[in-house]
Amino acid sequence: MADTFDHYAAVIDVRDRDGRMWRNKLERVIMEMLVARTACHKLVKDMLYEARTQAIVDFHAARDVRIKRDDAVTMTLTNEEYLQYA
């Protein structure tokens, strides 16, 4: 088990299932972290988008107004409306 990144840099990499090969394990680990970071960044953006849309739907539902999710995407709430809902 590697304790530091120096250990990863000292180990020669082997070809993976997709045929990719880096100069050492350190490059592989960094690339895998980059892929994970990119995926997490996209997930957080999607979560914020969905939370905003759901807040609009819930805000109107609390006032007995039914709106479709597709319509909620184009709507916005004011800061005061967000605070009323919270």
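Every number in this text was worked out from the coordinates using simple rules, so none of it is lab data. What you see is a predicted model; the values in this text were computed from it and never measured. Heads up, the Cβs are rebuilt from the backbone with ideal geometry, glycines too, and the neighbour counts pull from every protein chain shown.
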Report yes if some residue within region 31-42 is surrounded by 12 or more Cβ atoms within 10 Å (Cβ to Cβ), out of contact with any His (no Cβ under 8 Å at 6 or more places or on another chain) and of a type in the set (Gly, Ala, Ser); otherwise report no. no
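Among helices (runs of 4 or more DSSP H) lying entirely in the chain, which contain 3 or more residues that are within 20 Å of the chain's Cα centre (by Cα)?
Here the list reads 25-62.
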